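Colleague: First the structure, then my questions, so here it is.
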Amino acid sequence: MAVIMNKKFLVRSFGCQMNKLDSSLVVNSFTQSGFELTEDIGATDVVLVNTCSVRNHAEERVLSMLGHLKHIKKTNPHLIVAVFGCMAQRRKEDLLNHPVVNIVCGPLQIPQLVNLVNNAIENTKKQKAVSENIRHKPLPKSLASLDDFEQDYDSVEEHLPAQAFVRVMHGCDNFCSYCVVPYVRGPEVSRPPEKIITQIKKLVDTGVKQVTLLGQTVNSYQHENMSFADLLYEVSKIDGLEWIKFVTCYPRDFDERIFKAMIDLPKICRYLHIPAQSGSDRILKAMNRGYTAEQYLEIIYKAKDIVPDIAVAGDFIVGFPSETDEDFQKTVELVQKAKYKNSFVFKYSPRPGTRANEKLADDVPNEVKKQRNIDLLAVQEKISAEINQAFVGRTLKVMVDGVSKKGHLDIAHKKEHTQLIGRSAGDYIVVFDGLANLAGQFIDVNITRASALTLFGKI
Ligand code: SAM
Ligand code: SF4
């Protein structure tokens, strides 16, 4: 395959942390194959769109972007548009038939993306690489290719110096009734621990101090005899690595040794993102989550018992089919009992191909979904404000992300200082004045003030 030199490419990414990681692997694979990254849409030869299918809104945003690209293609008819990720896998030909789209590439085929783009440049034919039977376990050859891709192109996050994300597993087998992920990212497969360790060592050699281990349900990681807790002990042995975070956990068959690892191993951050989705047992059953609200809370109480300063975050879906005010009230109660540091709240979005969409009417009016979303966030905000207030007067070790965006400009600026933003081990957002070159370093911050979203401090 001839390498096409000096072609410019631009990437737009929608969706979760997993997608951000995929985008950064893709960027590195393109730059190392002779392409040049640009932010100028008017000057680019290739547009790569990394897509999300979790909620309808995410797909609508991609379609609107494709509509915009139609105009750009009028002035640049040679522009190559590649759509990759979850929506590409879900909509396959449907997307390939879109007038601006040249390439459709599923999440398990991203190692092929450079070749697909080179082919499209050379012969102008539309290119497609998706899994035809996404629920079939990927062949060892394609798993090995994904592993190599991960190893070769993972790097320190461009916008987060000294930090990197490392996938420990692909896919999901849980089939929550509302969720599209098992149908677009395929079966759950845990990556071999030796590959994960080698990858992290390589990242640490390039200056990474904090890794976040990624998976849809990291606590169900299992490779031969190695469980997720075992993996934490192994990763913790890597010299030079200072902080280890992981997302997301699934609240079923939770291995307590994960909490013990947080106590035994100083590198494991005491942060647990463990979505509940609802506090109503009836809704949890309809969601096929496999636990009751009480069983969920037992995990949270156990976590707080073993790791008293653990920070817990949750996800909720409001307006799931047939959710009544009483069901919603139970969710409010669960949020109050769990005392999350923060919660992510989503309005139910019916997804084609999922059981909830096929079997249950989307019968909660949008206005009610919206109101429950606002109400639940208000309950959470009060709890977050109380939790955050307790940090005032304390000193927190923070990994500095970099200069904060405008939204956080809350402290009076001084000319010689920029306002920095970072996160603590518990994943609390901390904002303080300091020099921009502190990005990527650990620093102690004295917390002087707190809002529900942010801790403010001084160094
Ligand atoms: N695997 C993780 C888990 O089980 O929590 C996260 C998967 S999903 C990408 C992230 C969040 O999106 C979920 O926790 C859920 O709250 C939300 N979500 C998933 N499907 C949804 C849907 N159909 N409508 C609204 N929110 C949804
Ligand atoms: Fe979706 Fe459930 Fe799997 Fe999370 S655990 S990715 S919500 S099916």
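Values in this text are rule-based calculations from the coordinates and carry no lab data. Because the structure is predicted, anything quoted here is derived from the model rather than measured. Glycine also receives a Cβ, built like all others from the backbone with ideal geometry; neighbour counts cover every protein chain displayed.
Colleague: Could you sort the peptides 78-88, 136-146 by per-residue average Cβ neighbour count (10 Å cutoff), highest mean leading?
Modeller: Taking the mean over residues of other Cβ atoms within 10 Å, the ranking is 78-88, 136-146.
Colleague: Rank these for me by crowding, His71, His57, going from fewest to most other beta carbons within 10 Å.
Modeller: His71, His57
Colleague: Would you mind getting me the FRET efficiency between Leu139 and Thr292? Use the beta-carbon distance for r and R0 = 35 Å, nearest 0.05.
Modeller: Calculated transfer efficiency: 0.35.
Colleague: Can you give the FRET efficiency to the nearest 0.05 for Asp444 and Thr38, using r as the Cβ-Cβ distance and R₀ = 41 Å?
Modeller: 0.55
Colleague: Tell me the Rg and the Dmax, in Å, that the Cα atoms of segment 331-411 produce.
Modeller: Both quantities, over Cα of segment 331-411: 18.0, 53 Å.
Colleague: Would you work out if segment 77-179 is rounded, prolate or oblate? Take a ≥ b ≥ c from the square roots of the eigenvalues of the alpha-carbon gyration tensor; rounded if a/c is under 1.5, else prolate when a/b is larger than b/c, oblate otherwise.
Modeller: The shape class here is oblate.
Colleague: Using helices alone, what [θ] at 222 nm do you get for the chain, with -39,500 (n - 2.57) per DSSP H run of 4 or more residues, divided over all residues and rounded to the nearest 500?
Modeller: The helix contribution divided over the chain gives -11500 deg cm²/dmol.
Colleague: Please report, largest first and rounded to whole Å, the three semi-axes of the ellipsoid equivalent to the chain, where each semi-axis is the square root of five times an eigenvalue of the C-alpha gyration tensor.
Modeller: Details: eigenvalues 236, 158, 110 Å².
Square roots of five times the eigenvalues give 34, 28, 23 Å.
Colleague: Taking the alpha-carbon distance from Lys8 and a cut-off under 26 Å, which lysines remain once sequence neighbours fewer than 8 residues away in the same chain are dropped?
Modeller: Result set, ordered by chain and number: Lys20, Lys70, Lys73, Lys74, Lys92, Lys125, Lys126, Lys128.
Colleague: Rounded, prolate or oblate: pick one for segment 1-128, where a ≥ b ≥ c are the square roots of the eigenvalues of its C-alpha gyration tensor, a/c under 1.5 means rounded, and failing that, prolate if a/b is larger than b/c, else oblate. The partial results should precede the final answer.
Modeller: On the way: a/c = 1.43, a/b = 1.21, b/c = 1.19.
Here segment 1-128 falls in the rounded category.
Colleague: Take the alpha carbon atoms of segment 311-332, find their center, do the same for segment 425-459, and report the distance between the two centers in whole angstrom.
Modeller: Answer, in whole Å: 32.
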